[in-house]
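Right, one structure below, let's go through it.
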Amino acid sequence: MNQPSEYVPPKVWTWEKPSGGRFASINRPVSGATHDQTLPVGQHPLQLYSQGTPNGIKATIMLEELLAAGHVGAEYDAWLIQIGEGDQFGSGFVEVNPNSKIPALVDRSGVSPIRVFESGAILLHLAEKFGAFLPADPAGRAECLSWLFWQVGSAPYVGGGLGHFYAYAPFKIEYAINRFAMEAKRQLDVLDQRLAQHAFVAGDDYTIADIAIWPWYGGLVLGQVYGVSEFLSAQDYQHVLRWANQIAQRPAVQRGRLVNRTAEGNLRERHAAADFDGLI
């Protein structure tokens, strides 16, 4: 499909036709449930409802890292939410996350269930719950949370911006691709300069900042996100590449990347450590 002639926005926007592109069937300008669908509940205290996108695997990597560190209370059930099929608009999922985005977590370890939605909030909830992957000293904590929220605020330019217009839009728009490519490269340079001075993003220790940032920016430079690594000259960001490869070797990261994915060799659902047997 070719780029259309110049578009003139109407005085008032109305939703008259699908937007086109890969996700046209599930994009809509209203919120709320579209159908009744009860969420399953497993035997573990932590129930995750997700899909293995960059945002989704933040949560599964965190949970696998906690288990690897000996936090047995982090055992979890991970249930697949197929966003391409509209599972995120089921009534049960909307009760957990009214924004209808993955991942969503229900913590059933206490007297009453606690819902947690938004990937950054899930990482922070788990870090505080288990006292792990978050510095205890005020300066270290502030640095870690600053980078965590940097990722939360920056990644939409990579995903909803560059990723959408480069990989998913029904036609190529030079202005849009250039705009978001420039911002994605600026963000990579921010990260590269930081990692030139420190082993990990928040300092000398691996934290939830790394867990949040790696699926997006690590995945981008390793060629795992949107197929844009060559387009963005990812090989130029040597410190990001060093960090990305280092984290990719962590067994918990390798396990977390397999969860809630439908391709062969992955796990649609995860309910026990034994589910990974034979996959890695």
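Per-residue answers, yes or no, for (1) aliphatic (A, V, I, L, M); (2) in contact with a helix residue (DSSP H, G or I) (Cβ under 7 Å, 6 or more places away or on another chain); (3) open to solvent by less than 10 Å² (accessible area, probe 1.4 Å):
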{"site": "Asp204", "(1), (2), (3)": "no, no, no"}
{"site": "Ala209", "(1), (2), (3)": "yes, yes, yes"}
{"site": "Val221", "(1), (2), (3)": "yes, yes, no"}
{"site": "Ala234", "(1), (2), (3)": "yes, yes, yes"}
{"site": "Val240", "(1), (2), (3)": "yes, yes, yes"}
{"site": "Val259", "(1), (2), (3)": "yes, yes, yes"}
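Out of the stretch 247-263, which residues are within 10 Å of Ala68 (Cβ to Cβ) and part of a loop (DSSP other than H, G, I, E, B)?
Passing the criteria: only Arg250.
Conditions tested, residue by residue: (1) in contact with a Pro (Cβ under 9 Å, 6 or more places away or on another chain); (2) touching a residue at least 40 places away in the same chain (Cβ under 8 Å); (3) farther than 29 Å from Phe276 by Cβ.
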| position | (1), (2), (3) |
| --- | --- |
| Ile57 | yes, yes, no |
| Leu67 | no, yes, no |
| Ile81 | yes, yes, no |
| Gly86 | no, yes, no |
| Pro98 | no, yes, yes |
| Val111 | no, no, yes |
| Asp137 | no, no, yes |
| Gly140 | no, yes, yes |
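For Arg186, only one of the following conditions fails: (1) in contact (Cβ under 8 Å) with a residue 60 or more places away in the chain; (2) open to solvent by 20 Å² or more (accessible area, probe 1.4 Å). What is its number?
(1)
From Ile247, Ile280, which residue is in contact with a Pro (Cβ under 8 Å, 6 or more places away or on another chain), aliphatic (A, V, I, L, M) and in contact (Cβ under 8 Å) with a residue 12 or more places away in the chain?
Details: Ile247 fails: in contact with a Pro (Cβ under 8 Å, 6 or more places away or on another chain).
Matching residue, one of Ile247, Ile280: Ile280.
Within the stretch 123-135, which residues are open to solvent by less than 50 Å² (accessible area, probe 1.4 Å) and free of Cβ contacts under 8 Å to residues at least 24 places away in the same chain? Before the answer, list the steps.
So in the stretch 123-135, the residues open to solvent by less than 50 Å² (accessible area, probe 1.4 Å) come out as 123-127, 130, 132-135.
Matches in the stretch 123-135: His125 only.
Mind checking which pairs have a first residue in the stretch 145-157 that is touching a residue at least 12 places away in the same chain (Cβ under 8 Å) and under 20 Å from His125 (Cα atoms) and a second that is of a type outside the set (Lys, Arg) and open to solvent by 60 Å² or more (accessible area, probe 1.4 Å), Cβ under 8 Å, 6 or more apart or different chains?
Note: pairs meeting the criteria are Val152/Glu118.
Would the stretch 149-165 turn up any residue that is part of a helix (DSSP H, G or I), open to solvent by 30 Å² or more (accessible area, probe 1.4 Å) and in contact with a strand residue (DSSP E or B) (Cβ under 9 Å, 6 or more places away or on another chain)? Before the answer, list the steps.
We begin by selecting, within the stretch 149-165, every residue part of a helix (DSSP H, G or I); these are 149-165.
Right, trim to open to solvent by 30 Å² or more (accessible area, probe 1.4 Å) and you get 149-150, 152-153, 156-157, 160, 164-165.
Then keep just the ones that are in contact with a strand residue (DSSP E or B) (Cβ under 9 Å, 6 or more places away or on another chain); that gives none.
No; the residues of the stretch 149-165 include none that is part of a helix (DSSP H, G or I), open to solvent by 30 Å² or more (accessible area, probe 1.4 Å) and in contact with a strand residue (DSSP E or B) (Cβ under 9 Å, 6 or more places away or on another chain).
The values are calculated or read from the model by the stated rules, or taken from the named source; none is laboratory data. Note that the structure is predicted; figures quoted are calculated from it, not measured. Cβ atoms come from the backbone with ideal geometry, glycine included; neighbour counts cover every protein chain shown. Ligands, DNA and RNA are excluded from the accessible area calculation, which covers all protein heavy atoms including side chains. Shrake-Rupley method; radii C 1.70, N 1.55, O 1.52, S 1.80 Å.
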